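Asks: This is the structure I want to talk about, given as structure tokens.
The values are calculated or read from the model by the stated rules, or taken from the named source; none is laboratory data. Since the structure is predicted, the reported quantities are computational estimates derived from the model, not experimental observations. Because the Cβ atoms are built from the backbone with ideal geometry, glycine has one as well, and the counts that use them run over all protein chains shown. The accessibility values were calculated without ligands, DNA or RNA, using every heavy atom of the protein model including side chains. Shrake-Rupley method; radii C 1.70, N 1.55, O 1.52, S 1.80 Å.
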Amino acid sequence: MTHTPPRASHDHEPHAAHQHGADHDADGQAEILDLDAEVLAEHIASITAWLPVGAGPRHIVDLGCGTGTGTFALLERFPHAEVTAVDTSTSHLHRLFEKATKLGLADRVHPVQADLDATTWPDLGTPELVWASASMHHMADPDRTLRQVHDTLAPGGLFAVVELAGFPRFLPEDAPEDRPGLEERCHAALDRHHAEHVPHRGADWGYKLTATGFTVEAERTITVHIGPPHTDAVGRYALNSLRRMRSRVARTLTAEDLTALDRLLDTDSPHSILRRGDLTVRTERMVWAARRT
Ligand SMILES: C[S@@+](CC[C@H](N)C(=O)[O-])C[C@H]1O[C@@H](n2cnc3c(N)ncnc32)[C@H](O)[C@@H]1O
């Protein structure tokens, strides 16, 4: 295929306001997704290496590809494959395609702008592998999306669902000194926010996949624990993640917790998270490998 910038699925273009809103949010999200790729590169590679795919797939679809973390990991793992990268965000897709061009991989990446909540999808071909990382829980009706994936996959093809246990944790439990346990309270507030706004987060994907007609061949949990000491990327990852959490939970934190959080997020403050030497990255990824039989 030729070098193509993101192709819009005009038949199913999201409503303009939705699109604008999605891309406004995407701007804040893109940097975290890129840092996620950098900091967790080894763990993501271990997931792609583990996939029970036999002979390498030639056509892969990355659903909710974001800025390309999975796309590039899959291109590396399967050197003969091409990836159709699908996302609702045009700015994520542009970022992904710019990276592909810089890496000399543009010939192997086909960005498609589409809303996967639409009842009809654009033609994504007949992939042997579909990958959805941290995107299934965003779907309005995941059971319908699972049926659409099932019908899109080649017979015998594999669907890899990767989900995460929320934002990573970075601070020691007794930090910061004046408000110990702050990060845990932010996570509790975020869980309440997600329960209201992202109800499919934490769903039983193994059960849902089986109910759709997939055979779940394998599942695993990857436990991540990095540092200390930590790299600059981990510091920026912690800063950006906590900033994003703040935007979700500020209204429900106590004034004292919000002040302590703001001190951590103030990069000019001596209490800035960037100045801490005790940061770690602690999180989990769950993976389901499901076959269309
Ligand atoms: C948390 S990000 C994960 C991105 C990427 N898969 C990764 O692992 O870094 C979720 C992605 O799903 C996309 N997304 C959410 N709802 C979508 C929908 N209805 N249709 C297409 N993409 C969607 C978002 O734009 C975002 O890029």
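Asks: Please work out the C-alpha center-to-center distance from the stretch 59-76 to the stretch 193-240 and express it in whole Å.
Replies: Taking the Cα centre of each part, the stretch 59-76 and the stretch 193-240 sit 16 Å apart.
Asks: What Kirkwood hydrodynamic radius do you get for the chain when you take the inverse of the mean 1/r over all pairs of distinct Cα atoms, in Å? Before the final figure, lay out each step's value.
Replies: Values: mean 1/r = 0.0501 Å⁻¹.
One over the average 1/r among Cα pairs gives 20.0 Å for the chain.
Asks: Right, next: For the Cα atoms of the chain, what angle does the longest principal axis make with the long axis of helix 90-102, in degrees from 0 to 90, nearest 10?
Replies: 80 degrees
Asks: Now, a different point. How many percent of the accessible area of the stretch 99-173 is carbon or sulfur, using a 1.4 Å probe? Don't jump to the answer; show the numbers that get you there.
Replies: Values: 1450 of 2760 Å².
Carbon plus sulfur share of accessible area: 53 percent.
Asks: Do the sum for the chain: with -39,500 (n - 2.57) for every DSSP H run of n ≥ 4, divided by all residues, what is the mean residue ellipticity at 222 nm, to the nearest 500 deg cm²/dmol? Let's see the in-between values first.
Replies: Values: 9 runs with 120 residues, N = 293.
It comes out at -13000 deg cm²/dmol, rounded to the nearest 500.
Asks: Further question: Taking the inverse of the average 1/r across all pairs of different Cα atoms in the stretch 157-207, what Kirkwood radius in Å do you get? Mind dumping the intermediate values first?
Replies: Values: mean 1/r = 0.0761 Å⁻¹.
Taking every pair of different Cα atoms in the stretch 157-207, averaging 1/r and inverting gives 13.1 Å.
Asks: Here's something else I'd like to know. Calculate, for Arg282 and Ser247, the FRET efficiency according to 1/(1 + (r/R0)^6) with r their C-beta to C-beta distance and R0 22 Å; round to the nearest 0.05.
Replies: For Arg282 and Ser247, the calculated efficiency is 0.55.
Asks: What list of ³J(HN,Hα) values in whole Hz, one per residue of the stretch 44-51 in order, does the Karplus curve 6.51 cos²θ - 1.76 cosθ + 1.60 (θ = phi - 60°) give from phi, with Gly and Pro shown as x?
Replies: Karplus-based 3J(HN,Hα) across the stretch 44-51 equals 5, 4, 5, 6, 5, 5, 7, 4 Hz.
Asks: What's the FRET efficiency of Asp143 with Ala218 using the Cβ-Cβ distance as r and R₀ = 25 Å, to the nearest 0.05?
Replies: Numbers: r = 22 Å, r/R0 = 0.87.
Calculated transfer efficiency: 0.70.
Asks: Mind giving me the nanometre distance, one decimal, between the label points for Thr231 and Asp262, set 7 Å out from Cα along Cα→Cβ?
Replies: 3.3 nm
Asks: Let me ask you something else. Please list 63-74, 178-189, 132-143 highest first by mean number of surrounding beta-carbon atoms within 10 Å per residue. Walk me through the numbers before you get to the answer.
Replies: On the way: 63-74: 26.0, 178-189: 17.1, 132-143: 19.2.
Ranking the peptides 63-74, 178-189, 132-143 by packing returns 63-74, 132-143, 178-189.
Asks: Explain nothing, just compute: Karplus ³J(HN,Hα) = 6.51 cos²θ - 1.76 cosθ + 1.60, θ = phi - 60°, for every residue of the stretch 281-289 in order, whole Hz, x for Gly and Pro.
Replies: Whole-Hz 3J(HN,Hα) from phi for the stretch 281-289: 10, 10, 7, 9, 10, 10, 10, 10, 10.
Asks: Sticking with this one: Report the accessible area of Ser247, computed with a 1.4 Å probe over the heavy atoms of all protein chains in place, in Å² rounded to the nearest 10.
Replies: Estimated to the nearest 10 Å², Ser247 gives 80 Å².
Asks: Taking H placed 1.01 Å from N in the peptide plane, check which residues at least 5 places from Val61 or on another chain put their amide H under 5 Å from its amide H.
Replies: Correct list: Thr84, Leu129, Val130, Trp131.
Asks: Please list, in order along the stretch 207-216, the HN-Hα scalar couplings obtained from phi with the Karplus expression 6.51 cos²θ - 1.76 cosθ + 1.60 (θ = phi - 60°), rounded to whole Hz, x for Gly and Pro.
Replies: Listing the rounded values in order: 5, 5, 5, 5, 5, 7, x, 6, 9, 7 Hz.
Asks: Okay, next question. Give the accessible surface of the chain per residue, rounded to a whole number of Å², with probe radius 1.4 Å and ligands, DNA and RNA excluded.
Replies: Numbers: 13600 Å² over 293 residues.
Per residue, the chain has 46 Å² of solvent-accessible surface.
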